[in-house]
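Values quoted throughout were computed directly from the atomic coordinates according to the rules given, and no laboratory measurement underlies them. Treat the numbers as computed from the prediction; the structure is a model and nothing was measured. Don't worry about glycine lacking a Cβ; one is built from the backbone with ideal geometry, like all the others, and counts go over all protein chains shown.
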Amino acid sequence: MAMLLLAASGIARAGQPLVLDAGMTAVPLSARISYRHDAQASDGASQAFRRAQESQFAPLPNGNPSLGFQEGAYWFHFTVVNNDRQEPRWILVQGYALSDNLDLYLRYADGHVEHQTSGDHVSFENRFIRYRHPNFRVDLPLGQPVELLLRVQSQSSMQVPLVLYTPRAFAEELRDAQFSTGLYYGIVLALLIYNLVLWLMLRDPGYFWYLLHVAAFGLVLFTLNGYGFEYFWPEWPWMADAAVPLSICMALIGMQLFARSYLELQQRWPVGNAISLGISAFFGVLAVISTQIEYHVVTPLASKAVLLGVLWIIVAAIVMLRRGYKPARLFLLAWALFLAGTTMFTLIAFGLVPRNFWTLNGVQVGSAMEMLLLSLALGSRYAGLRVENIRIVQQVNEQLERSVIDRTKQLRTTMAQLGEANVQLREYGQRDPLTGVYNRRHFREAFQQALLARQGNGKPLAFLLLDLDHFKQINDRYGHLAGDDCLRHAARCVEEVAAKRGGLVARFGGEEFVALLPDTNAQEALQLAEAIRLHIHQTPVATCNHSIHMSTSIGVHTVDASRETVPEEVIRIADEALYRAKDDGRNCVRHSVIVA
């Protein structure tokens, strides 16, 4: 749509006549009008015209038509001269839907005055064009100056973005507005239907609270954009006022209860759950109060409460994310976008930021993105819960199957079905649950087999017995959780070195570990043991905001292929070497025999 912006040219400033030349189609008036605040709302049109002639009107501050919540009435004045023969009729549109009462006075060159009314305290049928924003017919005779005086009185935010359109330009504006708002409400409706079906199928309370939030916030914007007054209550001024705080409170209740359900605050953070319930109760009380007290009192409070409510949800999401609740990531992103949009809405309402595309549409863009992301987050969360439920069912089934195996030996056919589960169970039973290396029972079985295999292949076998030095002091000083991290770190260090020789590593008990190294002679065993000692000693453990240095004492024994022995004997000899290492000051390696 062609749109000429005369403000930049400086031709028509506030207080000077606006000249409409051929080719002009849509003229924003914020930089051209002057205004006066009638705090007592006592002036009539004749007094206002006289005050305008006496220069008691002033330009809008920085050309910003958003003046915040104000008492009394505001008068806006400008003079226009039409030099376009093709456009004798124009349309004056006030681009804010919630103003209560607007009175337009047109004073022509011959002195006669025409009066028109609009606003959401006036019947919708009274508007020149059936449109969500207040609008007036303005007939402009060719070449004659016409004074326009607009009186606005409202309990809502005082926002008066006036634009003068030709009929064709206004039709194009309607087309563009219908596309953008249709796109937004189409998204809202699609999300409502989609999630309603999911809620009816799944009966997940999270979907119900999401539906309440989306429906209520859709009603908020439906009301703020003037569609509620246009379609739902065109003859009901009380509802035109009450719908804004009521829908805001409903949306905030839906937000809080949805966040509480999605983040699982009741189970994961009882304090946060109590706060969310308290905030929801506050908005419930505010919704009831909003039907009894003045609009200009409750609406600013509800507008500010939007920011506080969203900020609390973001705080709760951050807390849950820090506690390891992964679904909170997408949830946090959605509410951050929503916070940005609602911040723009609130700042405009209080006249703190200028009106432009981003500030005017930020709440719609932010809420649309938030609703889409929350719908995705719900789906992702449900998928995660479904996977977890499947896992739990599988685990229960496996436990039942194992119970059947233990109690009856006759069900041979079940063994084939549980083969894979039994393999996993055996592997789990062979592992130490803390460090992940093999446990002592499995090690003894593997040790016995290795001794038998040594006799067959004629290759030496090395046995390492490790004990972490002063480990009790680590537990006493840093705590058992840090001690657990140290044990896991030591196990990894031993595995990393032993794996190079195909060794088997196990936790022998407490802070003791063993390593079995096939085809390894005494010299090689000492080198590997020294490598393990250095690896543990030179790699500190980062845990619980501490960096812990450890050391280990190692006893080594090598079994020749020609000698027969049993595991207990090998362990005893290696244990003696370990005690020599401790007697020699710890943090060292000792062999059962002296190796050159």
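Between Lys472 and Ala190, the modelled labels are 6.8 nm apart [label points 7 Å from Cα along Cα→Cβ].
Sorted largest first, the spans of the alpha carbon positions of segment 215-319 along the three principal axes are 49, 24, 17 Å.
Report relative contact order for segment 492-539 in percent, whole number only (criteria: Cα-Cα under 8 Å, sequence separation at least 6). Spell out each step's value before the answer.
On the way: 39 pairs, mean separation 16.5, N = 48.
Worked out over segment 492-539, it gives 34 percent.
When only alpha carbons of segment 84-212 are considered, Rg and Dmax amount to 20.8, 72 Å.
A straight Cα-to-Cα reach below 24 Å connects Lys459 with the lysines Lys500, residues fewer than 8 places away in its own chain not being considered.
Compute the signed sum of charges (Lys and Arg +1, Asp and Glu -1) over the other residues within less than 15 Å, Cβ to Cβ, of Arg492.
Combined, the nearby Lys, Arg, Asp and Glu give -1.
Label reach from Asp110 (point 7 Å along Cα→C-beta): in segment 125-163, amide nitrogens under 20 Å belong to 137-149. The lysines within cross-link reach of Lys472, meaning a Cα-to-Cα straight distance under 22 Å and a gap of 8 or more places when in the same chain, are Lys582. Overall shape of segment 1-160 was characterised from the C-alpha gyration tensor. The equivalent ellipsoid obtained from it has semi-axes of 23, 18, 16 Å, in decreasing order. With the gyration tensor restricted to C-alpha atoms of segment 474-596, the semi-axes of the equivalent ellipsoid amount to 27, 15, 13 Å, longest first.
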